[in-house]
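Written below as structure tokens is the structure these notes are about.
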Ligand SMILES: [Zn+2]
Ligand SMILES: [Zn+2]
């Protein structure tokens, strides 16, 4: 069992990653990871010393992991800013990865998704 996975199905070993982290969009349009416990410090560093609160708000967000129920691919999206479309198959049938916890495994439909016992530290904001 991979320690790398956050959620797993004990029946079929299907696994998912769980991400939830703050990001800031740099001048190239790339999302830069803002580590806890002070993501705003990174955001201000990326945007420069003269950044306004309004710009800070517009250029920052939260990325979260989703899973496509059609093709079982994982996607990391900003749930409040990005269109919720699977990048692999264009399906709109995405669920938040964290909402799969304790639910029936989407792959084997037999097991229930649980937190990977081998994984201790959760990457949260
Ligand atoms: Zn898909
Ligand atoms: Zn399963």
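Bear in mind that the values in this text are calculations on the coordinates, not laboratory data. Here the structure is a predicted model, which means the values were calculated and not measured. Quick reminder, even Gly has a Cβ in these numbers, built from the backbone with ideal geometry, and neighbours come from all protein chains shown.
Annotations for the structure displayed:
- In this simple spin-label model, placing a label point 7 Å from the Cα along the Cα-to-Cβ direction at both residue 12 and residue 118 gives a separation of 1.9 nm.
- Expected-Rg normalisation [2.2 N^0.38 Å, Cα atoms] applied to segment 41-83: 1.57
- Relative contact order for the chain, counting Cα pairs under 8 Å that sit 6 or more residues apart, in percent: 33 percent
- Whole-angstrom gap from segment 13-30 to segment 51-84, using each part's C-alpha centre: 8 Å
- Computed over the chain, the Cα gyration tensor eigenvalues convert (square root of 5λ each) into semi-axes of 31, 17, 10 Å, ordered from largest to smallest.
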